[in-house]
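Presented below is the structure to which this report refers.
The values are calculated or read from the model by the stated rules, or taken from the named source; none is laboratory data. Computed from a prediction, not measured in an experiment: that's the story for all the values here. Every residue, glycine among them, receives a Cβ derived from its backbone with ideal geometry; neighbour counts consider all protein chains shown. SASA here: full protein model, heavy atoms, side chains in, ligands and nucleic acids out. Shrake-Rupley method; radii C 1.70, N 1.55, O 1.52, S 1.80 Å.
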Amino acid sequence: MWTAGWRDEVWARLSGPWDILIIGGGITGAGILREATRIGLRALLLEANDFASGTSGRSSKLVHGGLRYLRHGQLGTTIASVGERNQLLREGKGLVTPLGFVYAAYRDDRLPLWLFGMGLAVYDVLGLRWGHKRYAPRSLGRLLPHLNQDRLVGGYRYFDAQTDDARLVLRVIREAVAHGGIALNYARVDSLLRSADGRVRGAVVRDTAPAGPDHRLTEVSGRTAEVEAAVVVNATGEAADGLRLQLGGRPRLRTLRGSHLVFSDERLPLTRALSFAHPADGRPVFALPWEGVSLFGTTDVDHRQEPGVEPSISSGELAYLLDGLRHAFPALDLAERDVQATFAGVRAVVDTGKSDPSRESREHIIWKEQGLLTVSGGKLTTFRVMAHDALRAVRAELPRHPGFRLHRVLESSNGAPGRGLNPSQRLRLAGRYGREAADLVAAAEEGELVSIEGSSALWAELRWAARAEGVVHLDDLLLRRVRLALLLPQGGLPWLERFQAIVQPELGWSDRRWSDEVEAYSRRLRRAYGLPSEE
Ligand SMILES: Cc1cc2nc3c(=O)[nH]c(=O)nc-3n(C[C@H](O)[C@H](O)[C@H](O)COP(=O)(O)OP(=O)(O)OC[C@H]3O[C@@H](n4cnc5c(N)ncnc54)[C@H](O)[C@@H]3O)c2cc1C
């Protein structure tokens with residue numbers, strides 16, 4: 001539990017020495033921390049902003065085998081992904097849930113429907129579940145009301161899974177912490193430490209959190225520490241080239257942005273997910289029911305926004321996505337005014353110079369350069385596979401590395417106690433909070449074990465996150481711990497007074513700090529989670 005004073009305690013222990021230092025608190029870093037602690041390594045993870053504040057909190061939230069890999073003949077990758085998906089579905093109930101899909105094919109699509117069907121057959125065989133079925137146009141319309149029937153040639157029903165990506169990252173990190181790992185957010189690695197022969201032996205870290213609960217947001221602590229470790233892992237996602245360049249290497253990564261639109265489920269009602277080829281370029285796009293809202297994405301464009309600035313959707317991407325939606329659901333007449341929120345994430349892929357960004361490989365990469373292990377690319381779904389590959393690559397540097405045994409991806413959660421919760425609320429808490437679900441329920445005050453209107457999150461989750469989940473800023477709470485920024489209209493701003501009554505005392509913030517946080521949060525919503533014209 002990260003309760004009051006935990007940051008100072010961690011800072012007092014930072015210098016190490018550690019077996020492994022992981023830079024970056026997205027799913028890649030979280031997975032490596034988790035697997036390293038599982039095999040008994042002394043492991044530290046440092047995250048410059050908040051956990052999952054990078055791409056791992058901005059994905060399409062699918063836990064999937066990757067049908068796209070099949071199209072590119074990468075059978076091995078699909079086998080691994082489908083296996084991980086199935087295990088996550090079994091062990092992460094309440095966090096990873098099955099999702100029914102409809103694939104709709106139209107007359108001028110580049111991919112013939114029979115070929116898609118063949119891919120699904122292989123997918124189901126690999127996943128040991130025969131779930132796909134072909135449908136004629138009219139029956140497809142019954143599966144998914146409002147679907148465009150014009151030029152529809154038919155389609156398929158099939159199954160995959162989805163999750164709350166930021167909560168998945170946090171659950172993996174919290175499990176690692178329970179096994180003795182250390183993770184710290186708002187701890188930016190500024191530079192790498194190197195020994196006389198040039199090998200990386202650690203890093204210099206700077207505290208970017210405000211110095212205290214009554215400090216202004218600009219009054220950051222700024223304290224620094226030198227951290228020594230036998231192995232240093234660069235899991236900084238789109239920023240990975242930045243650390244590599246400190247070693248004198250050449251840039252090797254291409255950064256691609258994918259954006260999503262969020263709608264209320266009244267404006268975009270979905271009984272299941274829809275996948276279809278965007279009429280403009282034939283790329284697969286997805287409309288997904290998620291946590292009571294509907295998501296639509298994604299784009300795939302070179303990311304040329306300023307480095308270090310939170311990515312946001314461009315007007316070109318907005319137009320592309322709305323065109324796609326109007327093609328699939330013309331009767332809904334969706335327009336800019338219906339967009340409740342937007343979000344954008346950036347993936348790093350190996351730059352091979354392809355003119356079409358979507359043709360660059362999405363497989364994860366592992367590079368070892370002068371003692372720095374860079375792990376990037378890949379997917380949420382395969383975080384454990386990536387972590388094992390990374391730890392195998394540094395086995396020689398870790399004499400205490402005892403090797404891996406087959407085990408669970410997520411630990412058993414013991415469930416959440418009853419206390420008036422209905423079964424789906426109990427499952428939700430068990431999935432999101434793992435073994436801490438019982439503490440969350442015990443911490444709830446009168447009337448807090450009910451859902452916040454317009455979402456399935458409970459009021460008690462806000463209290464728990466503020467008390468025990470390492471919240472430093474208001475957006476950590478509302479964008480990632482409990483995803484109200486995306487789920488409620490206007491990012492939940494109309495609810496802020498009620499949130500304040502619960503979380504301000506837990507965080508110990510002064511009134512001035514609260515109003516600074518609200519202002520910063522509102523600005524962030526406009527700049528990175530709204531329409532491009534609001535920039
Ligand atoms: C639009 C989009 C949709 C996607 N959808 C899916 C999906 O549905 N399913 C799926 O399985 N995969 C999906 N992916 C892929 C998946 O989301 C990514 O592969 C994964 O999240 C990358 O995780 P990461 O930890 O490597 O990077 P990130 O999540 O970006 O984490 C890197 C972290 O490093 C931190 N950092 C950077 N510099 C420093 C520093 N100097 N010091 C300390 N910390 C630092 C950053 O703040 C950041 O939090 C999607 C990707 C995109 C772009």
Checking ALA104 against (1) in contact (Cβ under 8 Å) with a residue 12 or more places away in the chain; (2) farther than 24 Å from SER376 by Cβ; (3) aliphatic (A, V, I, L, M); (4) surrounded by fewer than 24 Cβ atoms within 10 Å (Cβ to Cβ), the condition it does not meet: (4)
Test result for GLY25, over 20 Å from ALA161 (Cβ atoms), more than 7 Å from the ligand (Cβ to nearest atom) and in a loop (DSSP other than H, G, I, E, B): no
Look through ALA36, ALA43 and report the one residue that is closer than 20 Å to ARG171 by Cα, touching a Gly at 6+ places or on another chain (Cβ under 6 Å) and either among the hydroxyl-bearing types (Ser, Thr, Tyr) or more than 8 Å from the ligand (Cβ to nearest atom) (or both). ALA43
Quick one: what pairs do we get from region 315-335, first residue in contact (Cβ under 8 Å) with a residue 60 or more places away in the chain and among the hydroxyl-bearing types (Ser, Thr, Tyr), second assigned to a helix (DSSP H, G or I) and open to solvent by less than 50 Å² (accessible area, probe 1.4 Å), C-beta under 7 Å, 6+ apart or different chains? SER315/PRO532
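How about region 313-345: which of its residues are outside any helix (DSSP H, G or I) and surrounded by fewer than 20 Cβ atoms within 10 Å (Cβ to Cβ)?
Result: SER314, ASP333, ALA335.
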Looking at region 72-85, is at least one residue assigned to a loop (DSSP other than H, G, I, E, B) and under 20 Å from ALA287 (Cβ atoms)? no
Do we find that VAL96 is within 25 Å of GLY345 (Cα to Cα) and away from the ligand (no atom under 13 Å from the Cβ) in this structure? no
Modelled with pLDDT of 95 or more, out of contact with any strand residue (DSSP E or B) (no Cβ under 7 Å at 6 or more places or on another chain), open to solvent by 10 Å² or more (accessible area, probe 1.4 Å) and more than 20 Å from ASP165 (Cβ to Cβ): is that true of PRO251 in this structure? no
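Look at VAL204 and say whether it is away from the ligand (no atom under 14 Å from the Cβ) and either modelled with pLDDT under 95 or open to solvent by 10 Å² or more (accessible area, probe 1.4 Å) (or both).
For VAL204, the condition - away from the ligand (no atom under 14 Å from the Cβ) and either modelled with pLDDT under 95 or open to solvent by 10 Å² or more (accessible area, probe 1.4 Å) (or both) - is not met.
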Open to solvent by 20 Å² or more (accessible area, probe 1.4 Å) and either of a type in the set (D, E, K, R) or farther than 30 Å from SER221 by Cβ (or both), is that true of GLU469? no
For region 423-440, enumerate the residues that are touching a Pro at 6+ places or on another chain (Cβ under 9 Å) and open to solvent by 10 Å² or more (accessible area, probe 1.4 Å). ARG426, ALA438
Hey, which of the helices (runs of 4 or more DSSP H) in region 372-452, taking only ones fully inside, have at least 1 residues that are touching a residue at least 60 places away in the same chain (Cβ under 8 Å) and among the hydrophobic types (A, V, I, L, M, F, W, C)? 383-393, 423-433
Out of the residues in region 6-15 that are open to solvent by 10 Å² or more (accessible area, probe 1.4 Å) and within 16 Å of the ligand (Cβ to nearest atom), state the one that is farthest from ALA466 (Cα to Cα). TRP11
Candidates PRO289, PRO357 - the one that is under 24 Å from SER275 (Cβ atoms) and over 17 Å from the mean Cα position of the chain (by Cα): PRO357
Given the conditions (1) farther than 27 Å from ASP164 by Cβ; (2) open to solvent by 20 Å² or more (accessible area, probe 1.4 Å); (3) not in a loop (DSSP other than H, G, I, E, B), report the number of the one that LYS354 does not fulfil. (3)
What pairs can you find where one residue is in region 49-64 and closer than 19 Å to GLU363 by Cα and part of a strand (DSSP E or B), the other is near the ligand (Cβ under 6 Å from one of its atoms) and open to solvent by 10 Å² or more (accessible area, probe 1.4 Å), and their Cβ atoms are less than 8 Å apart, with a gap of 6+ or different chains? LEU62/LEU380; VAL63/LEU380
